[in-house]
Amino acid sequence: MALGHSSAAWNGQALSRDGGQLAAFDPRLKLLLAAAFALAVVLVEGSALKAFFVVVGLSLCVAARIPRAKLLRRIAALEGFMVMMVILLPFTVPGPTLFTVGGLHASWTGLFQGIDILLTATAVVCGLMALVGSLPANVLGQTLASLGVPERLVALLMLTVRYLDVVGGEYRRMRNSMRARAFVAGTNRHTWRSVGHLVGMGLLRSIDRAERVTDAMRCRGFDGRYPILYPFRWQPRDSLAATAAMLALTGVVMWSML
Amino acid sequence: MHVVDGVLSAPVLLAGAGATLAGTAVGLRALDHRNLPVTGVLSATFFVASLIHVPIGPSSVHLVLSGLLGLLLGWLAFPAVLVAAALQAVFFGYGGLFVLGVNVANVALPAVLLAAALRPWIWREGPVGTACAFTLGAGSVLATSLLVALSLALSGEAFWLPAKLTVVSHLPVALIEGFLCVGALALVRRVRPGFLAEVWQP
C-alpha cells in the first residue's frame, strides 16, 4: 500500500482479524488500558522508569503482532521539529555543564529532559499502536461509541477510514496521469500551481463522490449511525487483565513518586 | 506540526482540550445524516493530501490544506480534523494522546476563523480573489505555526528557542500553501463556475 495506512483499512463488519495474543480481550478494555498506560507514562518520574515503559510498550506491540518494519517507521515518525527541540534542550535549560561548543553551554539537565521527552512520546505511541492500532477501524468506532463518544463523531470516523483508500487511489491515478505528461515536481511556481490544480480537482471529485454516497446510503435507510451487528461481551479474563494492569500501573507510578 | 506527549504543561493541554471540545461541539451540532458522508469523504481527502509531499530545495514538505478545509466545511472542520488527528496518532504514531486537543485546536481554529473572515471576497474574480486565496492558504499555516509556538512557549522558558524556530521553519511552507490554495481555487472556479460560491452547502 503506497500510502501506508493499510492497518487503518476498513474491515467491513467482520470482527475476525489477527490481533495476536491481545485479540482475545474486549476492545473496550484495550482502549481504556491504552489511556491508563499513557497516563502512567506521563506521570512517572525518572528516565529509567520511562525507559521501562518503552520496553513494556514494545512488548505489547510484539504481542499484538504489529509488523516490525511498520513499527520502526512509526517510532521514527517524530517530526523534524520535535527532534530539533530535543537537540536544542541541553542549550536552553540551565544546569551543570555537559560540554561547551564555541561559547555555547550544554547542560546535563537539558539532555535528560530531552531524553525524557523522547522516551515518553515513544512509550505512549507504542501503547496506542499495540492496544488501539491493532483494532480494525470499524471495531474502534464501535468501541468509542460504547464508551460514550457521540455517534455522529463515530460515524464520521468510520466514513473517513472507509474513504481513505478510495481517495488515495484517486490521487494516485491523477498523479500518474501528471507523470505521463512528463510533470516533474520542483521548487517553482509551476509545481505549486499544478499541485494546486491537482488538489482542486481532487476536492471536486470528492464532493461529487460524496453526493453519490449520500444518495446510496439514504436509499438504504442510513440515519446518521451505523448498526451494531456484534455487541461486545465482557469476559472474566477482561476483569482479571484490567485489575492486574491497574494495580501494576498504579504501583509503578506511586513507587516513582516516593 | 504535531506536538508529542511529554512536552506541554498541564494548563496548555487543558486549554487545547477545552478549545477542541467546544469547536467539535459546535461542529457536531451542524452534522446530520445528510452532510455526514461529504464531511467524511472530505476529511479523508485532507488526510490523503497531508501525505502529499512537495519538494523544497533538497528537502520536502507535506501539504496541510487546513485553510481549504475551513473554507469548505466551516465549523465541521473541527470534527474532521479531530478524526484525522486521532487516526494519525493511533495508526501512524504522529502526535500523542493527551496532546490531541492542542494539536487539533492549533490546526482547526485558525482555519475556521480565517475562512469565515475571507469568505465574502474569496470568490471574486481578479486580484482580490487571488489575494484572499493566498491569504487563506498561507495565513492558516502561519497562524497554526504561531499557535504551536505559543503552546511551546507557555510550557516553559526552555522551549522559547524551539518555538521561534518552529515559526521560522514554517514560513516557506506557508508560502507554498498560499500558491497551492490559489491554484486549487482557480481550478474550481474554472471547472465549476459558481459552484462553491453559490451552490455548495456542507
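Output the residues belonging to segment B:53-63 that are closer than 16 Å to A:GLY200 by Cβ and either open to solvent by 30 Å² or more (accessible area, probe 1.4 Å) or at the interface with chain A (Cβ under 7 Å from one of its Cβ atoms) (or both).
B:VAL54
Go through segment B:19-35 residue by residue and tally those that are open to solvent by 40 Å² or more (accessible area, probe 1.4 Å) and more than 8 Å from chain A (Cβ to nearest Cβ).
Count: 6.
Could you check, for segment A:164-175, whether at least one of its residues is open to solvent by 60 Å² or more (accessible area, probe 1.4 Å) and more than 23 Å from the chain's Cα centre (by Cα)?
Within segment A:164-175 (the criterion being open to solvent by 60 Å² or more (accessible area, probe 1.4 Å) and more than 23 Å from the chain's Cα centre (by Cα)), the answer is yes, since at least one residue qualifies.
Consider A:LEU98 against the criteria (1) open to solvent by 10 Å² or more (accessible area, probe 1.4 Å); (2) assigned to a helix (DSSP H, G or I): it satisfies all of them except one. Which criterion is unmet?
(2)
Looking at B:ALA133, B:ALA143, B:ALA86, B:ALA153, which is the one that is open to solvent by less than 10 Å² (accessible area, probe 1.4 Å), free of Cβ contacts under 8 Å to residues at least 60 places away in the same chain and out of contact with any strand residue (DSSP E or B) (no Cβ under 8 Å at 6 or more places or on another chain)?
Only one candidate qualifies: B:ALA133.
Could you please let me know if B:SER66 is more than 9 Å from chain A (Cβ to nearest Cβ), out of contact with any helix residue (DSSP H, G or I) (no Cβ under 6 Å at 6 or more places or on another chain) and not hydrophobic (A, V, I, L, M, F, W, C)?
No: the conditions fail for B:SER66.
Taking segment A:180-210 as the region of interest, how many residues are open to solvent by 80 Å² or more (accessible area, probe 1.4 Å) and within 7 Å of chain B (Cβ to nearest Cβ)?
The total comes to 2.
I'd like the full set of residues that are open to solvent by less than 40 Å² (accessible area, probe 1.4 Å), more than 10 Å from every other protein chain (Cβ to nearest Cβ) and modelled with pLDDT of 90 or more, limited to segment A:131-163.
If the condition is that a residue be open to solvent by less than 40 Å² (accessible area, probe 1.4 Å), more than 10 Å from every other protein chain (Cβ to nearest Cβ) and modelled with pLDDT of 90 or more, then A:THR143, A:ALA145 are the ones that fit.
Need the failing condition index for A:CYS61 against (1) at pLDDT 80 or above; (2) closer than 30 Å to A:ALA23 by Cβ; (3) open to solvent by 80 Å² or more (accessible area, probe 1.4 Å), just the number.
Exception for A:CYS61: condition (3).
Quick check on B:VAL38: is it among the β-branched types (Val, Ile, Thr) and either open to solvent by 40 Å² or more (accessible area, probe 1.4 Å) or not in a strand (DSSP E or B) (or both)?
It is true that B:VAL38 is among the β-branched types (Val, Ile, Thr) and either open to solvent by 40 Å² or more (accessible area, probe 1.4 Å) or not in a strand (DSSP E or B) (or both).
State yes or no: is B:GLY95 crowded, with 23+ Cβ neighbours inside 10 Å, touching a residue at least 60 places away in the same chain (Cβ under 8 Å) and not in a helix (DSSP H, G or I)?
yes
Has segment A:218-233 got at least one residue that is farther than 24 Å from B:LEU65 by Cα, modelled with pLDDT under 95, open to solvent by less than 20 Å² (accessible area, probe 1.4 Å) and within 9 Å of chain B (Cβ to nearest Cβ)?
The answer is yes; a qualifying residue exists.
The values are calculated or read from the model by the stated rules, or taken from the named source; none is laboratory data. Keep in mind the model is a prediction, meaning the values are calculated, not measured. Cβ atoms come from the backbone with ideal geometry, glycine included; neighbour counts cover every protein chain shown. When the accessible area is computed, the model is the full protein with side chains, heavy atoms only, and any ligands, DNA or RNA have been set aside. Shrake-Rupley method; radii C 1.70, N 1.55, O 1.52, S 1.80 Å.
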